[in-house]
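Here is the structure we will look at.
The values are calculated or read from the model by the stated rules, or taken from the named source; none is laboratory data. If you're wondering where the values come from, they're calculated on a predicted model, not measured in any experiment. Counting neighbours? That spans all protein chains shown, and the Cβs are built from the backbone with ideal geometry, glycine included. Ligands, DNA and RNA are excluded from the accessible area calculation, which covers all protein heavy atoms including side chains. Shrake-Rupley method; radii C 1.70, N 1.55, O 1.52, S 1.80 Å.
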Amino acid sequence: NDFKWDTINNTAFYASIEADFTDKLTVSLDVRRAEDEVTSGGIGPYADGAVGPLANVVSDTFDATLPRLIIDYKPDDDTTLYASYSEGRLPGLFNPALLSLSAAEQASLKATSGAGVNVDEEEAENIELGMKRTFLDGRGFISVAYYQTDLTNVHTPLFAVSYTDDAGLQQVISGNTTTAGGTADLDGIEIDGRVLIDYNWAVAFTYAINNSSIG
């Protein structure tokens, strides 16, 4: 009775353009157009030696136009400074088992847990600033990057959700019910580099500070 199946057809188109505004400044823009056709459902109870028929089938199409902008600046032959902005999406999904509830029961469940038949798309905004530099006549390299990612409508599985049924009784649904009620703010600094000492020896190093605030 807890069985769930999904069928997803994804189609995407990409376009990109890049321009050198000066010998030192390059700007590139990428655009991704995605379409996800998502169909979900369950099956009836196992009986007479076979699984039951398909049940609670629901479907929808999720469209997204996702940009990415990158700016590269080279003050000299050994240094690149860059900044980027991009957006991301995780297609929406469904809790098809909730279709068996009445409209009043679904409203009660939505009020207590935020869960519904439809689960909104998860969205992300990303910013990155960085520097890449070679030194010691090319024998050394260092990269420093700062990033920030803001996630909204994060898909969050709930093991048990409750609602008031049409008879006024409290009911609990066990098993996975997904909501889009989560958020996450991520940021950090990452440093890595390498120095060639001679033909036999090299030293590489990495350092990172990553902060996550999840709600």
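Summary table below
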read-out	value
The range 1-50: number of residues that are more than 29 Å from T80 (Cα to Cα) and touching a residue at least 12 places away in the same chain (Cβ under 8 Å)	25
Hits in the range 187-215 - residues which are within 30 Å of H155 (Cβ to Cβ), among the polar types (S, T, N, Q) and open to solvent by 80 Å² or more (accessible area, probe 1.4 Å)	N210, S212
The range 64-104, residues that are part of a loop (DSSP other than H, G, I, E, B) and polar (S, T, N, Q)	N95, S102
Matching option when the condition is closer than 30 Å to Y146 by Cβ, out of contact with any Pro (no Cβ under 8 Å at 6 or more places or on another chain) and among the aliphatic types (A, V, I, L, M), among L66, L81, L93, L54	L66
Candidates T164, T177, filtered to the one that is of a type in the set (S, T, N, Q), within 29 Å of the chain's Cα centre (by Cα) and closer than 30 Å to T39 by Cα	T177
Given (1) part of a loop (DSSP other than H, G, I, E, B); (2) over 30 Å from L186 (Cβ atoms), number of the condition A107 does not satisfy	(1)
From the options L99, L90, L158, residue that is open to solvent by 40 Å² or more (accessible area, probe 1.4 Å), in contact with a His (Cβ under 9 Å, 6 or more places away or on another chain) and of a type in the set (A, V, I, L, M, F, W, C)	L90
From A34, A19, residue being over 23 Å from H155 (Cα atoms) and not basic (K, R)	A19
Condition broken by A184, with the remaining ones in (1) within 19 Å of P91 (Cα to Cα); (2) free of Cβ contacts under 8 Å to residues at least 60 places away in the same chain; (3) of a type in the set (G, A, S); (4) not in a strand (DSSP E or B) satisfied	(4)
Residue check, F141 surrounded by 16 or more Cβ atoms within 10 Å (Cβ to Cβ), hydrophobic (A, V, I, L, M, F, W, C) and under 29 Å from L69 (Cα atoms)	yes
